[in-house]
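The values are calculated or read from the model by the stated rules, or taken from the named source; none is laboratory data. Quick caveat: nothing in here was measured; it's all calculated off a predicted structure. As a convention, Cβ positions derive from the backbone with ideal geometry for all residues, glycine included, and neighbour counts pool all protein chains shown. These area figures cover heavy atoms from the full protein model, side chains too; ligands, DNA and RNA do not enter into them. Shrake-Rupley method; radii C 1.70, N 1.55, O 1.52, S 1.80 Å.
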Amino acid sequence: MKNYFKKNTDPSLSLWGTLTGLSLNKKIEGKFEGRVYVSCLIRTWITAIIKFLPFIKNKNNDLTLVISPYIKEHHFKI
């Protein structure tokens, strides 16, 4: 019997991923309005916040994450 109550959770960004993202911040050239397209995975949201929040140049200092349902991870078989 299949376990239909098994939780399918999305792993968050690891501590190593967070620290690496913070240490590799690069300056964003040009005008950044604060809109980032992310997938439905929580770790993409965290990565976007780490990478783009320091560079917001809009009047309210808002970062808008647009969750795009068609952005997916793809695993290649080698």
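Tabulated data
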quantity: Heavy-atom accessible area order for Thr64, Thr9, largest first, 1.4 Å probe; calculated: Thr9, Thr64
quantity: Summed side-chain charge close to Ile49 - residues other than Ile49 whose Cβ falls under 15 Å, Lys, Arg +1, Asp, Glu -1; calculated: +2
quantity: For Arg35, residues with placed amide H under 5 Å, excluding near neighbours; calculated: Thr64
quantity: Packing-based order for 32-39, 12-19, 65-72, using average beta carbon neighbours within 10 Å, highest first; calculated: 32-39, 12-19, 65-72
